[in-house]
Amino acid sequence: MNSSLQPISYKDPSGYIIKKEGGYYRYVSHEYEHEYDHLMHSGLYKTLTDQYLLIPHKEIEDKQAGSNCYKVLFPQQIELITYPFEWVFSQWQEMALVFLRINQIALQHGMILKDATPYNFVFVEGKCILLDSLSFRFFKDGDPWFAYRQFCEEILGPLALMRYNDPYLARLQQASLTGIPLAFVSKQLPFKTWFNTVCLLHIHLHAKFQSRKENTKQAHAGFSKQKLNILFDLLRNTITKWDRPLNSNSIWDHYYENDIEDENYLAYKINCISQWLLNIHPNKTIDLGANTGKFSFIAAQYSNQVIAVESDLNCVEEIRKEIKHKKINNIITILTDLTEPSPALGWDNAEKPALLQRLNGDTVMALALVHHLCLSKNIPLDFIAKTIAGLTTRYAIVEFIPKEDPKVKLLLQHREDIFTNYTEANFVKYFETHFRLVDSYSPAASARKLFLWEKK
């Protein structure tokens, strides 16, 4: 049986993850025996899994497990893990609130989360949940909150930067997987945050204590469960009040209401794509350049899962707002620029796999996208065809918008047209390298054209 130890689990002696036939398995070490038993028998595990705050698992037999293995767990399998630098503000906010909620529930059962890394959380079925069942430790009155500094540097600090400075600052996580130094965070926050109790105590003053090396006493100061709950309540109440970030304007807001070329073409487009999706019935559809999610939501009606990939964070926020409002549980959002997708990061560049390694489906949609990649980002057509082919196992639905289109003319009006290779003939030629043309559609109302491709 093929198996491999995953680099994501090398830091924690409590257990490790192995990938083998059937999926990912979590092995619990004997060092964690007492904590694991308490988690399972105290009612904590049931409470958290019933509220879908912790990923559920089954205990299985594995005769090949080593002598240091106490239990083997087969958790609910997650098809796609996204990372914090691919989240928008509302996801960070939800993650922080879930983290605090889990801690408060755990305290009722004599435990607490032993770390505060956002990488232990993932979005599944429209909710943020904790991935790591081995993240709990015992807590009794008088113990310190050992994860306090990590919480401030890896969750609270980045969240405050997004709220008060710029929501794109979440991408700083790519440069520092273990958090952002509080001294840096403090300098970037506006003066008014000094009058916010949470920012003052846990970012600004905390940063000063760190710089003076006076934080040792604070880090080891003990808490009663009551005082720690009061602290968690203060943090939760403040974070809940942090609504949409101050920098929240987008050129793509109300795109389909105000900027679409022709309402008739949009109706034709919706009808055509809906029929194609009905016929091919995808398992997993990737919507590249999802904008505000109009076609992601259409795809969700015909697909088991939809992954909406978009570079504009306000568009992603709109998608998530609609997901919450309509209680849709089969759409996952990813904030990324396709010309700069998340690279492989961490130890040996294997701890956090690159986005294009994690992203795959049996159908890819690229609607009103190719011309932006070619004419705004100078990405050659053959590069685009190859990348799309690498993301799908079966089909691709791609829209080609020619230069005579009014929106393309607007795109090129202030730059030299050096894009002699950007023609429909070349588009078809490069895609035929990887695909077989199944169908195409070009309504009389527009020069735009839709193509349905099947991978060779």
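Computed quantities for the displayed model
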| read-out | value |
| --- | --- |
| Set Thr333, Thr387, Thr393, Thr339: member being over 24 Å from Phe85 (Cα atoms) and either crowded, with 19+ Cβ neighbours inside 10 Å or in contact (Cβ under 8 Å) with a residue 24 or more places away in the chain (or both) | Thr393 |
| Search result, residues across the stretch 274-309 that are in a helix (DSSP H, G or I) and under 20 Å from Ile323 (Cβ atoms) | Ser274, Leu277, Lys294, Phe295, Ser296, Phe297, Ile298, Ala299, Ala300 |
| The stretch 166-196: number of residues that are in a loop (DSSP other than H, G, I, E, B) and within 25 Å of Asn237 (Cβ to Cβ) | 6 |
| The lone exception for His372 - which of (1) under 20 Å from Tyr119 (Cα atoms); (2) open to solvent by 40 Å² or more (accessible area, probe 1.4 Å); (3) touching a residue at least 60 places away in the same chain (Cβ under 8 Å) it fails | (1) |
| Residue that is surrounded by the most Cβ atoms within 10 Å (Cβ to Cβ), among those in the stretch 443-456 that are within 21 Å of Lys407 (Cα to Cα) and within 35 Å of the chain's Cα centre (by Cα) | Arg448 |
| The stretch 58-106 - residue that is farther than 30 Å from Gly157 by Cα and of a type in the set (A, V, I, L, M, F, W, C) and, of those, modelled with the lowest pLDDT | Ala65 |
| Residues located in the stretch 342-366, provided they are under 20 Å from Ala396 (Cα atoms), of a type outside the set (Asp, Glu) and open to solvent by 10 Å² or more (accessible area, probe 1.4 Å) | Leu356, Gln357, Arg358, Asn360 |
| Only listed residue being hydroxyl-bearing (Ser, Thr, Tyr), farther than 25 Å from Thr423 by Cα and modelled with pLDDT of 95 or more, chosen from Thr336, Thr363 | Thr336 |
| Tally, over the stretch 307-320, of residues that are more than 20 Å from Leu373 (Cα to Cα) and either free of Cβ contacts under 8 Å to residues at least 60 places away in the same chain or within 14 Å of the chain's Cα centre (by Cα) (or both) | 3 |
| Residue within the stretch 1-13 that is under 25 Å from Gln173 (Cα atoms), open to solvent by 30 Å² or more (accessible area, probe 1.4 Å) and within 18 Å of the chain's Cα centre (by Cα) present | yes |
| Scan of the stretch 109-137 for residues that are open to solvent by 10 Å² or more (accessible area, probe 1.4 Å), of a type outside the set (A, V, I, L, M, F, W, C) and either in contact with a helix residue (DSSP H, G or I) (Cβ under 8 Å, 6 or more places away or on another chain) or closer than 30 Å to Asp312 by Cα (or both), ordered by number | His109, Gly110, Asp115, Thr117, Tyr119, Asn120, Glu125, Gly126, Lys127, Asp132, Arg137 |
| Leading residue by the ranking (least open to solvent (accessible area, probe 1.4 Å)) among those in the stretch 406-429 that are in contact with a helix residue (DSSP H, G or I) (Cβ under 9 Å, 6 or more places away or on another chain) and within 19 Å of Met365 (Cβ to Cβ) | Phe427 |
| Residue in the stretch 99-118 that is in a helix (DSSP H, G or I) and more than 23 Å from Val198 (Cβ to Cβ) present | no |
| Matching residues, the stretch 18-57, being of a type outside the set (Lys, Arg), modelled with pLDDT of 90 or more, part of a strand (DSSP E or B) and open to solvent by less than 50 Å² (accessible area, probe 1.4 Å) | Gly23, Tyr25, Tyr27, Val28, Ser29, Leu54, His57 |
| Residue list for the stretch 378-406, restricted to those being within 13 Å of Tyr422 (Cα to Cα) and of a type in the set (Lys, Arg) | Lys403 |
| Selection status of Leu356, of a type in the set (A, V, I, L, M) and touching a strand residue (DSSP E or B) at 6+ places or on another chain (Cβ under 8 Å) | no |
| Filter result for Leu80 (touching a Lys or Arg at 6+ places or on another chain (Cβ under 8 Å) and in contact (Cβ under 8 Å) with a residue 60 or more places away in the chain) | yes |
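The values are calculated or read from the model by the stated rules, or taken from the named source; none is laboratory data. Computed from a predicted structure; not experimentally measured. Neighbour counts run over all protein chains shown; Cβ positions are idealised from the backbone, glycine included. Only protein heavy atoms, including side chains, enter the accessible area calculation; ligands, DNA and RNA are left aside. Shrake-Rupley method; radii C 1.70, N 1.55, O 1.52, S 1.80 Å.
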